[in-house]
Every structure is written in structure tokens, then in C-alpha cells.
Amino acid sequence: MVTIRMARGGSKKRPFYKIVVTDSRKPRDSGYIERLGFFNPRATGQEVRLELKQDRVDHWIKEGAQLSTRISTLLKESAKTAVAS
């Protein structure tokens, strides 16, 4: 099954996550099919916190990809931000 989830990057105590499409059986940080964006939970000031390629996310959802719980929360957050802009 294909899943949209986060892969951790960054250094110790400074997480940075790539939002990726991957096979659900693979380990968290192993290879992925496509990178859809990133999430920076420690963003401050003018730094970008969340960036997504929304057209590609929609494509993968139509293809049957499942969303992790955190990704579904982030998608709702990005939708609210897009409406407010």
C-alpha cells in the first residue's frame, strides 16, 4: 500500500521533515517514490513552516494513497492558510 507520510531529517533536537510518498512497509527514513514538500516544526519569523505540492498530493490521493494522521492534520492546516491568504 502506498502512504503519504513524513521522513525525518535534520540534526539531533532540530527536526526537519520531508513529506513523501512511499510504500507503507518501508522504514520511516528509507527510500521514497516522490517528495511532495516539507514541514519545519521549528520555523520562526519569516521561515516557511509548511510547503506542499498540492497538485501532486491530490494526484496521489486519487491513486489510492493513504494519509498518515499527521499529514491529514497538516493538509487541513494548509487549506485554512490558503483560504486566509
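Answer yes or no as to whether ARG28 is in contact with a Lys or Arg (Cβ under 7 Å, 6 or more places away or on another chain) and modelled with pLDDT under 95. Don't jump to the end; show me each part of the working.
Working: in contact with a Lys or Arg (Cβ under 7 Å, 6 or more places away or on another chain): yes; modelled with pLDDT under 95: yes.
So ARG28 fits the description; yes.
Please determine, by comparing only the residues of the stretch 36-50 that are of a type outside the set (Lys, Arg) and surrounded by 11 or more Cβ atoms within 10 Å (Cβ to Cβ), which one is farthest from ARG70 (Cα to Cα).
That would be ALA43.
Just checking, how many residues over the stretch 2-36 are outside any strand (DSSP E or B) and either in contact with a Phe, Trp or Tyr (Cβ under 6 Å, 6 or more places away or on another chain) or of a type outside the set (Ser, Thr, Tyr) (or both)?
Of all residues in the stretch 2-36, those outside any strand (DSSP E or B) come to 12-13, 24-33.
Now narrow it down to the ones that are either in contact with a Phe, Trp or Tyr (Cβ under 6 Å, 6 or more places away or on another chain) or of a type outside the set (Ser, Thr, Tyr) (or both): 12-13, 25-29, 31, 33.
Count: 9.
What about ALA7, is it of a type in the set (A, V, I, L, M), over 14 Å from the mean Cα position of the chain (by Cα) and surrounded by 12 or more Cβ atoms within 10 Å (Cβ to Cβ)?
Details: of a type in the set (A, V, I, L, M): yes; over 14 Å from the mean Cα position of the chain (by Cα): no; surrounded by 12 or more Cβ atoms within 10 Å (Cβ to Cβ): yes.
So ALA7 does not fit the description; no.
Looking only at the stretch 51-85, which residues are open to solvent by 80 Å² or more (accessible area, probe 1.4 Å), in contact (Cβ under 8 Å) with a residue 60 or more places away in the chain and outside any helix (DSSP H, G or I)?
GLU63, GLN66
Given (1) on the phi > 0 side of the Ramachandran plot; (2) open to solvent by 90 Å² or more (accessible area, probe 1.4 Å), where does ILE33 come up short, assuming only one miss?
(1)
The values are calculated or read from the model by the stated rules, or taken from the named source; none is laboratory data. This one's a predicted model, so the numbers in the text were calculated from it and none came from an experiment. So basically every Cβ, Gly included, is an ideal-geometry build from the backbone, and we count neighbours across all protein chains shown. SASA here: full protein model, heavy atoms, side chains in, ligands and nucleic acids out. Shrake-Rupley method; radii C 1.70, N 1.55, O 1.52, S 1.80 Å.
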